[in-house]
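Read the structure below first, then the notes.
The values are calculated or read from the model by the stated rules, or taken from the named source; none is laboratory data. As the structure is a computational prediction, the values presented were derived from the model and not from experiment. Note that we place each Cβ from the backbone using ideal geometry, even for glycine, and neighbour counts take in every protein chain shown. Remember, those area values only see protein heavy atoms, side chains included, never the ligands or the DNA or RNA. Shrake-Rupley method; radii C 1.70, N 1.55, O 1.52, S 1.80 Å.
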Amino acid sequence: MANTDIGIDLGTSNIVMTMRNKGVILSEPSVIAFNTRTERVLAVGKEAYEMIGRNPDYICVAHPINSGVISDDDLAHSMIREFIIKVTGHQLIKPRIIICVPSFVTDIESRAVVEAAKSAGSRQVYLIQAPVAAMIGAGVNIAKARGHMIVDIGGGTTDVAIVSMNGVVTSHTIKTAGNSIDYSIIRYMQNKYKLLIGERTAEKVKRKLCNLYDPNDEISYTVKGRSLAKGLPAQVDLSEIELFQAIEDDTFAIMEAIRKVLEDSPPELVGDIYDNGLLLTGGGALLGGLTQLIRRTLNIRCTIAKDAINCAAKGTGMAFDSMTTLLDGFEAAPIYKYR
């Protein structure tokens, strides 16, 4: 039975699945392609992601998860079901599933997540908050009476939390994360250069050029897109300083979220944070210069977790071994009284 237990990090950009004793078994974009004429699912994950911007009108390519929560129930149910079948096959034993969700998920949003997992064939569903899962996945011992701080920067949300004695002491979630940074880059290119670029190009620019600590005007990257003035292909050389200007507001929104959690925490725990430092997880943890910026702005030592992108997913799978000891941030779905 234990071999069929599945942990799911249901991210806005990517969905990562883990299975006990096997680690990460699936990591693909949380995208689904749907034929509106035949009402059939054409593809999910990487295959569907490759269709973005290349699909005819009758094929809908969508992200059914927005800002860490389900925005389209039917498409999300279909996508999760396809992924679960992909990793388990058509076996008779229904899996238990733990799903990673943002800290401040509402009851309605939780219901949508659980119903999606139920419709995919799970026999029991649990929810775990992203910061708790990421800490477990990073190997942090959260059982002791010492404060540990984590900043999990995903695609749709940034979760900041302080955890002690298996419980969440203080947490804060904002919808400023990887995707909003991409949209800021798109807007900047439109406003300054009248150049239209897509989400995938913006993400590539972010990975190649981002330097939040000491941007250099002499380092640049060629961005290709469509000229809004002429409607023809065009390209622009974008510098590190310009990219920093484009995403500065998003960056400091994350800084303010960290500051807020520190201000709301008991002084003893803040003292622990000063000693232990801050742990960065999620894809956004890999933004160039972010650790140095946090150290300079907030005077906190900062480290990036090993395998930061998959930390939450790994912790979600490992939570099966800690189900009886976890306090805040972990709950069984039956408390919602689902049909």
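Can you find even one residue in the stretch 190-197 that is open to solvent by 40 Å² or more (accessible area, probe 1.4 Å), out of contact with any His (no Cβ under 9 Å at 6 or more places or on another chain) and of a type in the set (V, I, T)? Outline the logic, then answer.
Taking the stretch 190-197 and keeping what is open to solvent by 40 Å² or more (accessible area, probe 1.4 Å), we get 190-194, 196.
Filter once more, keeping what is out of contact with any His (no Cβ under 9 Å at 6 or more places or on another chain): 190-194, 196.
Still in the list and also of a type in the set (V, I, T): none.
No, that holds for no residue.
Is it the case that the stretch 115-131 has a residue that's touching a residue at least 24 places away in the same chain (Cβ under 8 Å) and under 14 Å from A305 (Cα atoms)?
Let us first name the residues in the stretch 115-131 that are touching a residue at least 24 places away in the same chain (Cβ under 8 Å), namely 115-131.
Narrowing further to those that are under 14 Å from A305 (Cα atoms): 131.
Scanning the stretch 115-131, I find at least one residue that is touching a residue at least 24 places away in the same chain (Cβ under 8 Å) and under 14 Å from A305 (Cα atoms), so the answer is yes.
Restricting attention to the stretch 212-241, and to residues there that are open to solvent by less than 40 Å² (accessible area, probe 1.4 Å) and of a type in the set (S, T, N, Q), which single residue is farthest from R187 (Cα to Cα)? First the steps, then the outcome.
Here is the first cut: in the stretch 212-241, the ones open to solvent by less than 40 Å² (accessible area, probe 1.4 Å) are 212, 215, 223, 225, 227, 234, 236, 238-240.
After this cut, where a residue has to be of a type in the set (S, T, N, Q) as well, the list is 227, 239.
Values: S227: 14, S239: 16 Å.
Out of the qualifying residues, it is S239.
Run down C60, C100 and say which single residue is surrounded by fewer than 20 Cβ atoms within 10 Å (Cβ to Cβ) and at pLDDT 85 or above.
Numbers: C100 fails: surrounded by fewer than 20 Cβ atoms within 10 Å (Cβ to Cβ).
Within the list C60, C100, the selection yields C60.
Looking only at the stretch 67-87, decide whether some residue is touching a Leu at 6+ places or on another chain (Cβ under 9 Å), of a type outside the set (S, T, N, Q) and over 30 Å from I181 (Cα atoms).
Checking the stretch 67-87: at least one residue is touching a Leu at 6+ places or on another chain (Cβ under 9 Å), of a type outside the set (S, T, N, Q) and over 30 Å from I181 (Cα atoms).
Provide a single number: the residues in the stretch 242-270 that are open to solvent by less than 30 Å² (accessible area, probe 1.4 Å) and under 14 Å from L298 (Cα atoms). Show your work before the answer.
Of the residues in the stretch 242-270, the ones open to solvent by less than 30 Å² (accessible area, probe 1.4 Å) are 242-243, 246-247, 250-251, 254-255, 257-258, 261, 265, 269.
With under 14 Å from L298 (Cα atoms) added as a condition, the list becomes 251, 254-255, 257-258, 261.
Number of matching residues: 6.
Only one of (1) modelled with pLDDT under 85; (2) more than 23 Å from K175 (Cα to Cα); (3) among the polar types (S, T, N, Q) fails for T36. Which number is that?
Here T36 meets the rest and fails (1).
Taking only pairs six or more apart or across chains, which ones have beta-carbon atoms under 8 Å, a first residue in the stretch 167-194 that is free of Cβ contacts under 8 Å to residues at least 24 places away in the same chain, and a second residue that is assigned to a helix (DSSP H, G or I) and hydrophobic (A, V, I, L, M, F, W, C)?
Listed by first residue and then by second, the contacts come to Y183/A202; I186/A202.
Among S180, S184, which is the only one that is modelled with pLDDT under 95, among the small types (G, A, S) and open to solvent by less than 30 Å² (accessible area, probe 1.4 Å)? Show your work before the answer.
On the way: S184 fails: modelled with pLDDT under 95.
It is S180.
Looking only at the stretch 138-155, count every residue that is buried (at least 23 other Cβ atoms within 10 Å of the Cβ) and either in contact with an Asp or Glu (Cβ under 8 Å, 6 or more places away or on another chain) or closer than 14 Å to V101 by Cα (or both) and tell me the total.
So in the stretch 138-155, the residues buried (at least 23 other Cβ atoms within 10 Å of the Cβ) come out as 138, 142, 147-155.
Pick out the ones that are also either in contact with an Asp or Glu (Cβ under 8 Å, 6 or more places away or on another chain) or closer than 14 Å to V101 by Cα (or both) and you get 147-148, 150-155.
Final tally of qualifying residues: 8.
Hand me the list of strands (runs of 3 or more DSSP E) wholly inside the stretch 1-106 holding 2 or more residues that are free of Cβ contacts under 8 Å to residues at least 12 places away in the same chain. Before the answer, list the steps.
Values: elements: 6-10, 14-19, 23-29, 32-35, 40-44, 59-62, 96-101.
Counting at least 2 such residues, we get 40-44.
For E242, indicate whether it is out of contact with any Phe, Trp or Tyr (no Cβ under 6 Å at 6 or more places or on another chain) and modelled with pLDDT of 95 or more.
On the way: out of contact with any Phe, Trp or Tyr (no Cβ under 6 Å at 6 or more places or on another chain): yes; modelled with pLDDT of 95 or more: yes.
Judged against the criteria, E242 is a match.
Each row is one residue, and each column tells you yes or no for (1) surrounded by fewer than 21 Cβ atoms within 10 Å (Cβ to Cβ); (2) at pLDDT below 90; (3) not in a helix (DSSP H, G or I).
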{"position": "G317", "(1), (2), (3)": "no, yes, no"}
{"position": "T324", "(1), (2), (3)": "yes, yes, yes"}
{"position": "D328", "(1), (2), (3)": "yes, yes, yes"}
{"position": "P334", "(1), (2), (3)": "yes, yes, no"}
{"position": "Y338", "(1), (2), (3)": "yes, yes, yes"}
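Tell me yes or no: at least one residue of the stretch 114-124 is surrounded by 19 or more Cβ atoms within 10 Å (Cβ to Cβ) and not in a helix (DSSP H, G or I).
yes
Looking for whichever is over 30 Å from R96 (Cβ atoms), among the β-branched types (V, I, T) and buried (at least 20 other Cβ atoms within 10 Å of the Cβ) here; the options are I294, I309, I304. Which one fits?
Values: I309 fails: over 30 Å from R96 (Cβ atoms); I304 fails: buried (at least 20 other Cβ atoms within 10 Å of the Cβ).
Testing whether each residue is over 30 Å from R96 (Cβ atoms), among the β-branched types (V, I, T) and buried (at least 20 other Cβ atoms within 10 Å of the Cβ) leaves just I294.
Can you name every residue in the stretch 292-315 that is in a helix (DSSP H, G or I) and either at pLDDT below 80 or touching a strand residue (DSSP E or B) at 6+ places or on another chain (Cβ under 7 Å) (or both)? Before you say what the answer is, go through the steps one by one.
Here is the first cut: in the stretch 292-315, the ones in a helix (DSSP H, G or I) are 292-298, 308-315.
Result: I294, R295, A308, N310, C311, A312, A313, K314.
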